[in-house]
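This report concerns only the one structure given below.
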Amino acid sequence: MEGQLREVVHTMNNLTQKFEDLARSVDRSAHLPAAVEENKVKIAALDARVSALEAIENQRQGAITLGAALMKAVPWLIPAGMFGGIAVLVAKGVGL
């Protein structure tokens, strides 16, 4: 009987230690739900920033594309303008 009582006491001590360790683990992880919510807010803010930066980059690329198109057209516009000016002078000279 005495041996069984010691075994019960020993088993209770082991269980007590396990429950204390479990309680410590739960206490250490108590901050995790708040951290998850904080990270969700940060991720949402970062998504908004990325969207804004992508919009700005698309505008910049569009402006560069427009600028490149103009740079390609300018060499053709100069001779066309000169040809138009000559045509106006010829038309005035002829009397049209």
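The values are calculated or read from the model by the stated rules, or taken from the named source; none is laboratory data. The shown structure was predicted, so the numbers you read here are calculated from the model rather than taken from an experiment. Backbone-built Cβ (ideal geometry, glycine too); neighbour counts: all protein chains shown.
Out of LEU53, LEU32, LEU5, which single residue is under 34 Å from the mean Cα position of the chain (by Cα) and loosely packed, with under 10 Cβ neighbours inside 10 Å?
LEU32
Per-residue answers, yes or no, for (1) part of a helix (DSSP H, G or I); (2) at negative phi; (3) at pLDDT 90 or above:
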residue	(1), (2), (3)
VAL26	yes, yes, no
ALA30	no, yes, no
VAL36	yes, yes, yes
GLY62	yes, yes, no
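For the stretch 56-77, how many residues meet the condition of being more than 38 Å from the chain's Cα centre (by Cα) and surrounded by 10 or more Cβ atoms within 10 Å (Cβ to Cβ)?
Total meeting the criteria: 1.
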